[in-house]
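Asker: What follows is a structure written as structure tokens; I'll ask about it next.
The values are calculated or read from the model by the stated rules, or taken from the named source; none is laboratory data. Just so it is clear, the structure is predicted and the values come from calculations on it, not from any experiment. Quick reminder, even Gly has a Cβ in these numbers, built from the backbone with ideal geometry, and neighbours come from all protein chains shown.
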Amino acid sequence: MKPALALLVVLSVSGISASQDLKVREEAVRLLERADAVSSSPKLPNLERVDAFRAFGGDGVREGSFSRVVIQGTGTREEYIFGEFHLVNVRTQKQVAAAGTPGMVPAELINVLRITPISRLRFDGEDVIHAITERPVAGRGARCIEFDTIRGQHTDNNEICVDSANGTLLLQKLGGELAEYSDFFPFAGALMPGKIMYSVGGVQKIEISQTITELTAADANVLAPPMNAQMHKLCTTYRRPFGVSMPQPQPGTGAGTADVVVRAMVGADGKVYDATVQNSERDDLNTEALSLAKRWTFVPSMCDGHPDSHEADLMLHFQGR
């Protein structure tokens, strides 16, 4: 099992709106470039990162953790824990050794992976930037970029705030998702957040406490395969799956729009398996989204020329609902 780790958020549409003030856009781009730079280490040592988190939901508060040990130039060890789910992946240059709970990584862990250690943001194409304002965020003076992201007929009103003094990313509101970063600490020439709050539609979902420490004398056994591990050869050549049939919901007659992200396994036969809601702006649309996602078909991913399974995020757009 190979969970996909998304540390880069791309605000992706093409072209630049003529209605934008180009000087404001240039300043917004500069602010994001600085935020990326101050939280990027010029040279990472061997390290261990631990994200301990609490997830809030209808079934109460549940705790979990994600840890990553990195031996530079050699390999990584990752451990995922949430409820009854427990997975260990040890990756070296030639193979992955995996042991633990079968099945897909829970949605809560995937969301933790998406927003840690910190998001890397950039503007692209028709992200329409309206203004840069100043206001306090988490007790810090901040400069906040107000902009729209246009995806076809869907427009999200977004905001990104950076610390006025040190340039760190404090807040990102993208669509219905909000991530807030605070309690920054220095590590290897970078400033990294010690606390991360994540909410969707104004409802708190996850609270993360993050630590990153240097390994001065790495344990020689840290990259040893775990007990009862399954060995997976790394692909020399790899192609991601691409859609053949991806039915979307029937549009309604109202003014509202909403997105539901379904995480699923795209099998070697191109069909969708183990579909579950990853993120939703409208819980009442989840059943319909799952039903549609299960009908999607793909040309499967290819590993060294052979069909392979692949975890994927499937986006369902509800227009006029």
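Asker: When residues of the range 110-157 are filtered for being free of Cβ contacts under 8 Å to residues at least 40 places away in the same chain, among the aliphatic types (A, V, I, L, M) and either assigned by TED's automatic domain parsing to the domain that holds A255 or over 30 Å from T211 (Cβ atoms) (or both), how many remain?
Answerer: 0
Asker: Considering only residues that are within 17 Å of the chain's Cα centre (by Cα) and more than 18 Å from G139 (Cβ to Cβ), which ones fall in the range 175-196?
Answerer: G175, G176, E177, M192, listed by residue number.
Asker: When only residues in the range 163-174 that are within 14 Å of the chain's Cα centre (by Cα) and in contact (Cβ under 8 Å) with a residue 24 or more places away in the chain count, which is surrounded by the fewest Cβ atoms within 10 Å (Cβ to Cβ)?
Answerer: Per the criteria, the residue is L174.
Asker: Further question: Could you give me the residue pairs with C-beta distances under 8 Å whose first residue belongs to the range 287-306 and is more than 27 Å from F318 (Cα to Cα), whose second residue is aliphatic (A, V, I, L, M) and in a strand (DSSP E or B) wherever it lies, and which are 6+ apart or on separate chains?
Answerer: S301/V266
Asker: Give the residues of the range 183-242 that are within 30 Å of F298 (Cα to Cα) and of a type outside the set (A, V, I, L, M), sorted by residue number.
Answerer: As a first pass, look at the range 183-242 and keep what is within 30 Å of F298 (Cα to Cα): 200, 229-242.
Listed by number, the residues that qualify are Q230, H232, K233, C235, T236, T237, Y238, R239, R240, P241, F242.
Asker: Is it the case that some residue within the range 143-154 is under 28 Å from T257 (Cα atoms), touching a Lys or Arg at 6+ places or on another chain (Cβ under 7 Å) and surrounded by 15 or more Cβ atoms within 10 Å (Cβ to Cβ)? Steps first, answer last, please.
Answerer: Taking the range 143-154 as the starting set, the residues that turn out to be under 28 Å from T257 (Cα atoms) are 144-154.
Keeping just the survivors that are touching a Lys or Arg at 6+ places or on another chain (Cβ under 7 Å) gives 144.
If we keep only those that are surrounded by 15 or more Cβ atoms within 10 Å (Cβ to Cβ) as well, we get 144.
Yes, some residue in the range 143-154 is under 28 Å from T257 (Cα atoms), touching a Lys or Arg at 6+ places or on another chain (Cβ under 7 Å) and surrounded by 15 or more Cβ atoms within 10 Å (Cβ to Cβ).
Asker: Within the range 81-94, can one find any residue that is under 30 Å from D21 (Cα atoms), in contact with a Gly (Cβ under 9 Å, 6 or more places away or on another chain), part of a loop (DSSP other than H, G, I, E, B) and at pLDDT below 90?
Answerer: There is no residue in the range 81-94 that is under 30 Å from D21 (Cα atoms), in contact with a Gly (Cβ under 9 Å, 6 or more places away or on another chain), part of a loop (DSSP other than H, G, I, E, B) and at pLDDT below 90.
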